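Since the structure comes first, as structure tokens, the remarks are kept for the end.
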Amino acid sequence: MLTITWQEEIASLKQDLSKEINKISGHSEINIRNHVSNHICINNLKSKLERLDEIEKILSIDKYKIAFIGTIGQGKTTAICHLFNLITDLKVSKTSGGKTEDVTETKELLSTGAGRTTICEVIIKASEKTYIEIEPYTVDEMENLII
């Protein structure tokens with residue numbers, strides 16, 4: 001079994017992004033539309049490189065014991081909810097074959113769905129009370145996510 005560390009994975013991603021930036025930068029397009037499109041792509045890829053640097057710095061801090069990294073829709077939020085008991089049981093009525101019955105469903109407290117539902121850093125801290133604190137992204141951070 002081959003085990004890849006997060007350091008190796010980040011290094012590989014950074015290398016791939018740098019290669020793509022160099023490839024796009026090497027195109028000398030005369031068409032202004034292609035030039036603008038390439039500029040936007042390059043800036044987007046550079047912002048991803050910066051984000052990987054931030055992630056690398058965060059993960060290198062010894063106080064973090066676990067981190068969830070993955071592409072959109074892979075179940076990171078669902079895993080967090082179930083590992084840290086951020087779930088609740090709801091009684092719902094379901095109809096099947098014309099017959100209605102009351103059932104109990106388990107629901108995650110953090111919103112989940114078809115992906116792109118938890119576009120934030122989730123930090124779980126021990127406390128006497130249960131609550132969710134939301135720190136919104138800045139306009140610049142949101143623009144980097146959108147582009």
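Per-residue answers, yes or no, for (1) among the aliphatic types (A, V, I, L, M); (2) under 25 Å from Leu110 (Cβ atoms):
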residue: Asn44; (1), (2): no, no
residue: Leu49; (1), (2): yes, no
residue: Leu52; (1), (2): yes, yes
residue: Asp62; (1), (2): no, no
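Could you pull out the residue among Ile72, Ile42, Ile30 that is modelled with pLDDT under 80, over 15 Å from the mean Cα position of the chain (by Cα) and among the aliphatic types (A, V, I, L, M)?
Ile30
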Restricting the first residue to segment 61-80 and requiring it to be under 21 Å from Leu13 (Cα atoms), which pairs with a second residue that is of a type in the set (Phe, Trp, Tyr) and at pLDDT 75 or above meet a Cβ separation below 8 Å and a spacing of at least six or different chains?
Ala67/Trp6; Ile69/Trp6; Lys76/Phe68
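Do you know which residues across segment 96-127 are in a loop (DSSP other than H, G, I, E, B) and at pLDDT 80 or above? Lay out the reasoning, then the answer.
Residues of segment 96-127 in a loop (DSSP other than H, G, I, E, B): 97-98, 109-127.
Those that are in a loop (DSSP other than H, G, I, E, B) and at pLDDT 80 or above: Gly97, Gly98.
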Phe84 passes all but one of the listed conditions (1) of a type in the set (Phe, Trp, Tyr); (2) more than 29 Å from Gln15 (Cα to Cα); (3) modelled with pLDDT under 75; the exception is number (3)
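Considering each of Ser18, Ser93, Ser12 in turn, give the residue that is more than 30 Å from Ala126 (Cα to Cα), at pLDDT 85 or above and outside any helix (DSSP H, G or I).
Working: Ser18 fails: outside any helix (DSSP H, G or I); Ser12 fails: outside any helix (DSSP H, G or I).
Just one listed residue meets the conditions, Ser93.
The values are calculated or read from the model by the stated rules, or taken from the named source; none is laboratory data. Source: prediction; values computed, not measured. Don't worry about glycine lacking a Cβ; one is built from the backbone with ideal geometry, like all the others, and counts go over all protein chains shown.
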